[in-house]
1. Averaged per residue, what accessible area in Å² does the chain show with a 1.4 Å probe, protein chains only?
2. At 1.4 Å probe size, with the rest of the protein present, what percent of the exposed accessible area of the range 411-459 is carbon and sulfur atoms?
3. Starting from the Cα-Cα distance between R486 and E544, subtract it from 0.36 nm times their residue separation and give me the gain in nm to one decimal.
4. Suppose R0 equals 51 Å. What FRET efficiency, 1/(1 + (r/R0)^6) with r the Cβ-Cβ distance, do E279 and F478 give to the nearest 0.05?
5. For the range 391-460, what is the charge dipole size about the Cα centre, in debye to the nearest 20, if Lys and Arg each add +1 at the Cβ and Asp and Glu each add -1 at the Cβ?
6. Name the aspartates and glutamates eligible as straight-distance cross-link partners of K141: C-alpha to C-alpha under 19 Å, and not fewer than 8 places from it in the same chain.
7. Taking H placed 1.01 Å from N in the peptide plane, check which residues at least 5 places from A344 or on another chain put their amide H under 5 Å from its amide H.
8. Considering amide H positions built from the backbone, and no H for Pro or chain starts, which residues 5 or more places from K5, or on another chain, come under 5 Å of its amide H?
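The values are calculated or read from the model by the stated rules, or taken from the named source; none is laboratory data. Quantities reported herein were computed from a predicted structural model and do not represent experimental measurements. Glycine also receives a Cβ, built like all others from the backbone with ideal geometry; neighbour counts cover every protein chain displayed. Ligands, DNA and RNA are stripped out before the accessible areas are found, and what is left, the full protein with its side chains, is counted by its heavy atoms. Shrake-Rupley method; radii C 1.70, N 1.55, O 1.52, S 1.80 Å.
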Amino acid sequence: MFETKKTDILVIGGGGAGIKAAIAAAEQGRQVVLLSKGPLAKTGITPVAGEGIEGAVNAGDSVEMHFKDTVTAGRGLADQDLARALAEDSVERIKELEAYGAKFKKKDDGTFATSVRPGQSHSRNLFIMGGGWGLAASLHKKVAQLPNVFIIDSAVVTRFLVRDGRVIGVVYLNTNSGEIQVIQAKATLLATGGYEELWPFTDTPPDATGETLAMVYQVGAQLVDLEMVLYYPGVVVYPPAARGWLVQYEYILNPDILDGRVLNGQEEVFVEGFPARDEFIKAIREEVKKGTASPHGGFFVDLTHSKYPPAVLTERITAWLHQFGNLLNVGIDLRKDKLEMAPAAHYCLGGIKIDEHGRTNVPGLFAAGEITGNVHGANRISGNALSETQVFGRRAALSACQFAAKVDFLVVAAEQEVLTEYRQIDKWKQDKEYAVRPIALKSRLKTIMDQYVGLERNEESLNTGLRKVRDLRKTLSFLKVVPHKRYCYEVQEAYEVRGMLALAEIVILSALARQETRGHHFRTDYPQTEAEGQHTLISQQQGEPKVTAIPVTKL
């Protein structure tokens, strides 16, 4: 037996965009089910995000300036209707966060404290106390007060239900009970984040695996610019105890905050000023090519020459760098020690193609947040990611509610889909010759993606990576999990790696199709940037991937 639950709006994703969408839909009077892979507001990428959020709150700044900065930073690949929506709505969404209980750094006069980030023409970066965790906690507090939101934690989506070309719900695994369940919905909203876990060096949590992106591709969703993965320049690469910790270079290089500098392996300054992320990474790549990078392929952060006296520097570094205390605990004192950092996969710029209202090309399916793909283009300004969760979480929810008001529930018998999932899990529990555990398969995939689809790509490396990924997908028939009925987290990993392998293949196909260098996509065989930016659109047609180039939306 299995349980089928019906709801007006199904939201999948327990981070910033998903919780905001659930709130917005509930406030429209709709019944909402909110699925989260782990504990709500404590899973996914949002809780580990930095404190920056963008909004034109200051005198002299404007929506128009925010819009133009976003488009410019996107290197010609941000759809302007989405960038306009982001700029127009962000201030109101920030005010709502404050009403939910989020705390912001304020000036003595009570106005928002802000700073300038690379790519901004005005001081526009606000600071949420507690960073992404503070944002998620305030959203959780709000959604918990809404009686028409039903929250299900520990839910791993295994397939989307589609009837007559319309998404009408999902089948999911409850990892606590080991049971397969069904949710039918008038409208489904996807907000499950990015796919950084395809690569081995990332600052994101291990559940950023992207399997739902592969699933919606298989039911007809158009995906855009999957090859665009934003690398953050400053993630700790050494010592091992701090590997993967993000330390914000925007604060370190800002003369009004910490007044630090970055050095190559020969302790020479190689970056001047306040570069955008893709520009900084380009400079790091040049040091690697010259053989002057730091020992682990990156650079050193140095605050020993800061203009601030020791007591002031201590006060500032404590206030601005949330990793300062953690670094002290592993023996690194940024006031006197250099810290080795390198670029790491940080944010997925590609994803589901949406319009400015969070609508996809598939009836009944809406999307918001990092799982979408044409908001930021080929590079993103710091702080725009958290703004995106709130702006498009609400916009997609309103669209989903409008859709739900026009349709009825379809009569659905999902017994066959549920039986298929139980049979799949049973197959994974069987002993097989040459059995491979999910974590081992993930590791092999990450190695392939790092070697052939990393920071720099070319046709030869991408084709090699594609062949190896396809070969690796064949080993799925040898996948084995330890048979636990309850708390079956290895079964979750099996579903994840199955989706990761499918997703990796179409990421590589997208990278092959973009024969230029733009933003965070570096092609050594095509170093030029074409005059006119175009999206890489990939969709499944008659079971096969089809990649096309489509124009960027301009206003």
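1. Computed with neighbouring chains in place, this is 38 Å² per residue.
2. Carbon and sulfur: 47 percent of the exposed surface of the range 411-459.
3. Going from the current span to full extension adds 17.2 nm.
4. 0.70
5. Value, rounded to 20: 300 debye.
6. List returned: E27, E51, E92, E96, E98, D153.
7. Answer set, sorted by chain and number: Y232, V235.
8. Excluding prolines and chain starts, which carry no amide H, the hits are V182, I183, Q184.
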